[in-house]
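The block underneath contains the structure these notes are about, expressed in structure tokens.
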Amino acid sequence: MAILIEHVDVLDPAAPRSTAHDQSILIEGNTITRIAPAAELALPSLQIGAQPLQVINGRGLLAIPGLISAHTHSPENFMRGATERMPLEPWLVWLYGTCGEYSARDHYLCAAMSAIEMLLSGVTGTLDHLWHGGPWQREYLDAAMQAYSDSGIRAAVAPMYDDHDYVLDVADQLGFDLRGSVYGQSHGGYRPDREDYRRGLLRDTLAMLDAWMCDWHRRDDGRLQAFLGPAAGQLVTTECLQWSLALARKHGAGVHMHCVETRVQDYCIRRVRGKTAIHWLYDEGLLSPEVTLPHSVWVRSPADLDRLAECGAIPVHNPAANLKLGSGLMPMREMLDRGITVALGVDGACSSDNQNMFDAMKLAALIHNLNHHDPQTWISAREAFEACTLGGAAALLLRERLGRVRVGYLADIVLLDTRSAVLAPMNDAYRMLVHCETGSSVKHVIVNGRLVVRDRKLLTLDTDALIAEFFERAARLPFRQPLDEKTRKDIADAQAFWQAVMQRVESGE
Ligand SMILES: [Zn+2]
């Protein structure tokens with residue numbers, strides 16, 4: 001199948017107001033094969049062999065690379081709009097204490113809901129750090145993958161696992177009993193006398209993931225990828241990460257791991273390891289370009305920033321979640337100045353809460369203004385847009401293949417209606433996209449050379465039926481019921497622990 005988009009404007013940083021006018025784009029298979037002025041790339045003279053051709057009238061439309069969300073958790077879709085006014089540590093207790101155990105169908109529905117929201121708002125690629133409130137079974141992973149396969153979105157799925165909770169160790173040392181909480185219990189309690197058991201569990205999990213990766217990695221013409229998702233720096237041993245990286249390299253896949261999202265995590269890692277998270281990962285040889293590190297908020301020292309730059313690991317900025325949970329601001333300017341590739345994400349729908357990358361770009365472009373007194377160092381609209389597109393492409397291990405509307409690149413293209421109220425009168429395209437657009441101008445969406453949204457309608461999934469089923473299932477989940485006494489106490493205990501650690505770090509510890 002080939003697609004010809006005729007008479008379309010194309011985002012182009014070299015053109016006046018960043019827009020090249022009246023172009024045509026030819027897509028063959030999953031790749032952009034020609035871009036030229038419309039008069040030079042017209043139908044009667046077009047040579048495309050015998051393949052069928054779909055023609056899209058691009059008049060009044062702007063072609064941009066599809067947006068990429070490089071960090072989210074689809075299982076949180078049931079919990080959008082469910083919490084507020086909680087820092088991450090007590091929020092995690094609420095999440096694990098009330099989510100219940102999902103079925104494979106629940107995972108399918110959550111991933112499908114992500115795909116629906118994202119595709120209709122111009123997001124063509126996602127990196128789903130998939131969690132499950134209990135032990136993994138292969139059918140849960142397959143269900144999420146199947147939803148992404150059915151939807152037509154580009155997706156990398158990184159199932160979360162862990163093997164030692166160092167935050168619980170530090171809580172013990174400071175006199176807080178979090179081990180018996182609903183959060184601690186959902187992680188097996190992390191009793192030190194069960195280390196051998198946990199190691200066996202990790203081996204079994206990785207063996208299952210190995211087989212899963214054989215079946216799914218690069219399926220659907222390369223559109224789907226199977227990554228590894230060790231949960232977070234404070235939740236894994238060095239050995240767990242070494243095994244993960246080795247398995248990822250065996251498959252040519254990525255490793256995706258939360259990294260110092262909060263000051264509590266930074267404090268716990270420094271207390272246990274005697275060095276910062278980045279310093280530890282660097283010393284162990286665990287930072288490399290296939291490693292993506294969502295949040296990286298508390299990477300502050302010049303030495304740690306230099307370590308990141310040297311090794312090429314990719315921090316993923318999630319401004320909405322970091323604001324909602326009060327975690328802090330990633331040092332994005334300091335990272336960009338060192339040549340570090342920064343990607344952008346929305347994070348899960350319980351902390352973000354929507355999955356809209358236009359929101360994420362706008363926040364990334366604006367919130368850092370508060371921390372810098374020289375306006376020339378503020379994040380530009382183009383930098384925010386490129387973090388979302390080129391940074392996202394690097395996070396999906398598709399650097400130089402994805403993230404631009406350019407010949408030779410994969411055809412993930414969003415066509416926006418430039419006659420919409422938010423894009424009129426189309427001043428500089430990058431600023432219009434980052435500061436003005438909300439996703440409401442998205443008209444057509446192409447992923448991997450296939451039209452998946454036409455005239456604002458998703459062509460791949462029965463959205464009405466899925467949303468009806470999603471409502472039904474959500475009503476039965478435990479988090480919709482009033483909190484029981486134990487969960488309320490566990491959340492209060494986690495809040496007290498959070499406050500105690502914050503007092504310590506604020507006094508310089
Ligand atoms: Zn996350």
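Against the definition (farther than 24 Å from Asp266 by Cα, part of a helix (DSSP H, G or I) and hydrophobic (A, V, I, L, M, F, W, C)), how does Leu109 come out, yes or no?
In short, yes.
With at negative phi, surrounded by fewer than 22 Cβ atoms within 10 Å (Cβ to Cβ), part of a helix (DSSP H, G or I) and at pLDDT below 95 as the only criterion, which of Leu370, Leu390 stands out?
After applying the criteria, what remains is Leu370.
Would you mention how many residues in segment 156-176 are within 14 Å of Arg504 (Cβ to Cβ), touching a residue at least 40 places away in the same chain (Cβ under 8 Å) and outside any helix (DSSP H, G or I)?
Number of matching residues: 2.
Residue by residue through segment 13-46, note down the ones that are under 23 Å from Arg431 (Cα atoms) and either in a helix (DSSP H, G or I) or open to solvent by less than 50 Å² (accessible area, probe 1.4 Å) (or both).
Scanning segment 13-46 gives Ala15, Pro16, Arg17, Ser18, Thr19, Ala20, Gln23.
Could you please find all residues in segment 225-283 being part of a loop (DSSP other than H, G, I, E, B) and among the acidic types (Asp, Glu)?
Passing the criteria: only Glu261.
List every residue pair whose Cβ atoms lie under 8 Å apart, where the two residues are 6 or more positions apart in sequence or sit on different chains, the first residue falls within segment 261-276 and is free of Cβ contacts under 8 Å to residues at least 60 places away in the same chain, and the second residue, located anywhere, is surrounded by 21 or more Cβ atoms within 10 Å (Cβ to Cβ) and among the hydroxyl-bearing types (Ser, Thr, Tyr).
Arg270/Thr276
Say we look at segment 67-95 and pick out the residues that are part of a loop (DSSP other than H, G, I, E, B) and over 18 Å from the mean Cα position of the chain (by Cα); which of these is farthest from the ligand (Cβ to nearest atom)?
Out of the qualifying residues, it is Arg85.
Of Ala349, Ala321, which residue is in a loop (DSSP other than H, G, I, E, B), touching a residue at least 24 places away in the same chain (Cβ under 8 Å), within 18 Å of the chain's Cα centre (by Cα) and within 15 Å of the ligand (Cβ to nearest atom)?
When all the criteria are applied, what remains is Ala349.
Say whether the condition of being farther than 14 Å from Ser69 by Cβ, among the basic types (Lys, Arg) and either in contact with a Pro (Cβ under 7 Å, 6 or more places away or on another chain) or surrounded by fewer than 18 Cβ atoms within 10 Å (Cβ to Cβ) (or both) is met by at least one residue in segment 338-346.
Yes, segment 338-346 contains at least one residue that is farther than 14 Å from Ser69 by Cβ, among the basic types (Lys, Arg) and either in contact with a Pro (Cβ under 7 Å, 6 or more places away or on another chain) or surrounded by fewer than 18 Cβ atoms within 10 Å (Cβ to Cβ) (or both).
Inside segment 244-281, can you point out the residues that are over 23 Å from the mean Cα position of the chain (by Cα) and crowded, with 16+ Cβ neighbours inside 10 Å?
Scanning segment 244-281 gives Tyr267, Cys268, Ile269, Arg270, Arg271, Val272, Arg273, Thr276, His279, Trp280.
Please go through segment 470-483 and pick out each residue that is surrounded by 14 or more Cβ atoms within 10 Å (Cβ to Cβ) and not basic (Lys, Arg).
Phe470, Ala474, Leu477, Pro478, Phe479, Leu483
Of these, Ser301, Ser296, which one is among the small types (Gly, Ala, Ser) and open to solvent by less than 30 Å² (accessible area, probe 1.4 Å)?
Ser296
Yes/no matrix, rows are residues, columns are (1) within 16 Å of the ligand (Cβ to nearest atom); (2) in contact with a strand residue (DSSP E or B) (Cβ under 6 Å, 6 or more places away or on another chain); (3) farther than 16 Å from Glu89 by Cβ:
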| site | (1), (2), (3) |
| --- | --- |
| Lys250 | no, no, yes |
| Thr262 | yes, no, no |
| Cys268 | no, no, no |
| Arg271 | no, no, no |
| Gly274 | no, no, yes |
| Leu281 | no, no, yes |
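Go through (1) in a helix (DSSP H, G or I); (2) in contact with a helix residue (DSSP H, G or I) (Cβ under 8 Å, 6 or more places away or on another chain); (3) open to solvent by less than 20 Å² (accessible area, probe 1.4 Å) and name the single condition Ile467 misses.
Here Ile467 meets the rest and fails (3).
Between Lys443, Lys486, which is in a strand (DSSP E or B) and open to solvent by 20 Å² or more (accessible area, probe 1.4 Å)?
Testing whether each residue is in a strand (DSSP E or B) and open to solvent by 20 Å² or more (accessible area, probe 1.4 Å) leaves just Lys443.
The values are calculated or read from the model by the stated rules, or taken from the named source; none is laboratory data. Everything quoted here is computed from the prediction, not taken from an experiment. Quick reminder, even Gly has a Cβ in these numbers, built from the backbone with ideal geometry, and neighbours come from all protein chains shown. Just so you know, the surface numbers come from the protein's heavy atoms only, side chains and all, with ligands and any DNA or RNA stripped out. Shrake-Rupley method; radii C 1.70, N 1.55, O 1.52, S 1.80 Å.
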